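A short reminder: the numbers here are calculations on the coordinates, not readings from a lab. Bear in mind that the values here come from a model prediction, so they are computed numbers and not experimental data. Glycine gets a Cβ as well: all are built from the backbone with ideal geometry, and neighbour counts include every protein chain shown.
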Amino acid sequence: MRIQHWQDVASLVVGAWLVVSPFVLGMAGAAVWLTIALGLGVILFAVEAFVLEEWGEMLLGLVLVVAPWTVGYESGAATASSVLSGLLVILFAALELMTDRDFSAWWRDRWHHDSG
């Protein structure tokens, strides 16, 4: 288990919400299992160190944002929860990337080099 940034804790909370939200919001059908699976994925990325972890979180966040329209969530509350959770996961991953020294060094070396 590796939690190094506040964004990991925030993502862990969002992931936990996603796991319980189908029962709290009364979701049905495929939306239940998709939301639980995505929540478990967010939790896994939050507590473990993976290569390209933040990019994986962003992908999960994107899936959460589009899931209500691709799966057909029945309730407005479920749609709002999925979209808001997805946006938060993307935001936390982006903020973590911006504070990651290795990524910052790569970005600076790749895009901000002197051309003279």
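For region 6-110, divide the Cα radius of gyration by the Kirkwood radius and give the resulting Rg/Rh value with two decimals.
1.03
Going by how many other Cβ atoms sit within 10 Å of their own, how do Leu91, Leu25, Leu64 line up, fewest first?
Working: Leu91 16, Leu25 19, Leu64 27.
If I rank by nearby Cβ atoms, fewest first, I get Leu91, Leu25, Leu64.
Order by neighbour count: Glu54, Glu48, fewest other Cβ atoms within 10 Å first, most last.
Working: Glu54 22, Glu48 12.
If I rank by nearby Cβ atoms, fewest first, I get Glu48, Glu54.
Could you list Ser82, Ser75 so that the one with the fewest beta carbons within 10 Å of its beta carbon is first and the one with the most is last?
Ser75, Ser82
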